Amino acid sequence: MGADFYGFHGFWGLHFRRIMLLIHNGLLVAENALGLALPNRGLLFGDGFFETLIFTDGRLRYAAGHHVRMAAAAAALHLALPAALASAEALEATLSELAVANALPAARLRLQLWRGGGGRYTPLTEAVEWLATAEAFVPDETPVQTAGFALETHSIYSPLSFCKGPQAWLYVRAAHERQQRGLDEIILCTPAGHVAEAGAAAIFWVKDDVLFTPSLATGCVAGVRRAEVLRAARAAGQECHEGPFMPQELLAADAVFTANVAVIRTVASVI
């Protein structure tokens, strides 16, 4: 009887997993009522990354550049991009379908990717789960009136600082400081004091007809628009320099502007 009983018990134990209870926002709920598959490594460990993309004029803006960065981020995290996102063409087809389905002629798209499966720090799979969302896109090209250097937060270089995701708390913290100080834009610097980037964009300046921007070694995001600005400038014969620059060099500029996938904005004043 013992062998039969334990064999029976073991069989059903493999096929039925107990539904666990959780406390969510102070309420005791069953995990299957949460609306979120658990374990979720994106939630638990930030084990993934995200992309912000723009759909306009019937196309996904800079699809090839986004895919290059996504592929680099996936490689750095040892993740395998799913077929729907595995090439620039597939990425554009997938996200264009989302924009069209939402009847959005111009859309800001967010693509969130995280590792599937469970485990603790050691991952158990390279498979990816992902979520794409869309909202109306209305570009704001008004000049930045006043930008200031962050006093409470600095950029941090890491093997993943080029992509979006694991370090996003830096930008949330910087945006809070910008709001509290009444600035229109905030500029992050490295611990050594070198200029890195704006709060949600790359930063550029021109001095004596030379274009300057911080290098990726400062911990700035490898922005898709940043790469496009540099490519276009060099193709036009513009002298460009990437490197570690101190705030005094930016303050002495003839012109300053920020650039991200959504928009390029001139900066009127830096304090």
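We did not get these values from a lab; they are worked out from the coordinates using the rules stated. All values derive from a computational prediction rather than experimental measurement. Reconstructed Cβ throughout: ideal geometry from the backbone, glycine too, with neighbour counts over all protein chains shown.
Assorted remarks:
- With the highest mean first, a sort of the peptides 194-203, 52-61, 142-151 on other beta-carbon atoms found within 10 angstrom per residue produces 194-203, 52-61, 142-151.
- Highest mean packing first, where packing is the average number of other Cβ atoms within 10 Å per residue, the peptides 34-47, 227-240 line up as 34-47, 227-240.
- Nitroxide proxy distance, nm - points 7 Å out along Cα→Cβ at Leu44 and Ala30: 2.2
- Size descriptor, Kirkwood hydrodynamic radius, that averages inverse alpha-carbon separations across the stretch 147-267, Å: 14.3
- Distance in nm between pseudo-label sites at Asp254 and Val172 (7 Å out along the Cβ direction from Cα): 4.2
- Potential lengthening between Asp57 and Thr122 on full extension [0.36 nm per residue; Cα-Cα distance subtracted]: 19.1 nm
- In order along the stretch 126-135, the Karplus-derived 3J(HN,Hα) couplings, from 6.51 cos²θ - 1.76 cosθ + 1.60 at θ = phi - 60°, round to 9, 5, 10, 9, 8, 9, 10, 10, 9, 9 Hz, and Gly and Pro are given as x.
- Modelled this way, with points 7 Å down the Cα-to-C-beta line, the labels at Val138 and Cys240 are 3.2 nm from one another.
- All-pairs alpha carbon distance profile, the stretch 41-136, 5 Å steps from 0, percent: 3, 14, 25, 23, 16, 11, 6, 2, 0
- MRE, 222 nm, helices only [DSSP H, n ≥ 4, -39500 (n - 2.57), over the chain, to nearest 500]: -9000 deg cm²/dmol
- Extents of the chain, taken as max minus min of Cα coordinates on every principal axis and listed largest first, are 90, 41, 31 Å.
- On the principal axes of its alpha carbon atoms, the stretch 93-209 extends 46, 42, 33 Å, with the longest extent given first.
- Extension gain for the segment Ile19 to Ala64, taken as residue separation times 0.36 nm less the Cα-Cα distance, is 11.9 nm to one decimal.
- Karplus-derived HN-Hα couplings along the stretch 243-257 (A = 6.51, B = -1.76, C = 1.60, θ = phi - 60°), whole Hz, x at Gly and Pro: x, x, 10, 7, x, 4, 5, 5, 5, 8, 5, 7, 7, 10, 8
- Among the GluC sites (Glu not before Pro) within the stretch 86-195, those in coil by DSSP and having at most 14 neighbouring Cβ atoms inside 10 Å are Glu126, Glu141, Glu152.
- Under the Karplus curve 6.51 cos²θ - 1.76 cosθ + 1.60, θ = phi - 60°, whole-Hz ³J(HN,Hα) for the stretch 106-116, x wherever Gly or Pro sits: 9, 9, 9, 10, 10, 10, 10, 10, 8, 5, x
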